[in-house]
Amino acid sequence: MPLMLKQLSQLIFEFLLDVVRFPYWWYTGGLLLVGLWCKRGLQETAWRLSLKLFVKHLFTPMYGDYSKSGRAISLITRLVILVAKFIRLLVAAVWYFIILLGWCLLFPLTIIMLLSRVN
């Protein structure tokens, strides 16, 4: 019987310790994991859009058309596409910021909702 009581007390102690340590993990280790996930997602979005390559070839004529009109049409077309790609990258950055902000606000909002249910 004493062994069972000792194990039960250790179980309760570990549970209470986990309850106390959870908020610390949420804003340190958990936030770091979510932040790295968001960073990787934004980097993958930038890689998929290949902005560096697009800017590098911005003034290269499309289809080898070196006439003035061909260069002008190529430049205008690529500028429009470049603006669209930057907007897409901005939307992705805002999305990942919202996810990160949601992670930071989820824990306190959950506590507030639980406490409001008790009253």
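FYI, it's all coordinate maths here, none of it is from the lab. Predicted model only: the values in this text are computed from it and were never measured. Counting neighbours? That spans all protein chains shown, and the Cβs are built from the backbone with ideal geometry, glycine included.
Top mean-square fluctuation among 83, 94, 34, Gaussian network model of the chain, C-alpha springs under 10 Å?
Judging by the Gaussian network model, the answer is 83.
Between 25, 49, 62, whose Cα lies farthest towards the positive end of the dipole of the chain when Lys and Arg beta carbons carry +1 and Asp and Glu beta carbons carry -1, centred on the Cα centre?
62
Lysines near residue 6 by alpha-carbon distance under 27 Å, same-chain residues fewer than 8 away left out - which ones?
Answer for residue 6, where 27 Å is the Cα cut-off: none of the lysines qualify.
Two decimals, Cα atoms only, Kirkwood Rh: what is Rg/Rh over the chain? Numbers along the way, then the final one.
Working: Rg = 26.5 Å, Rh = 19.3 Å.
Using Cα coordinates only, the ratio equals 1.38.
Rounded to whole Hz and in sequence order, give me ³J(HN,Hα) for region 94-100 from the Karplus expression 6.51 cos²θ - 1.76 cosθ + 1.60, θ = phi - 60°, writing x for Gly and Pro.
5, 4, 5, 5, 5, 4, 5
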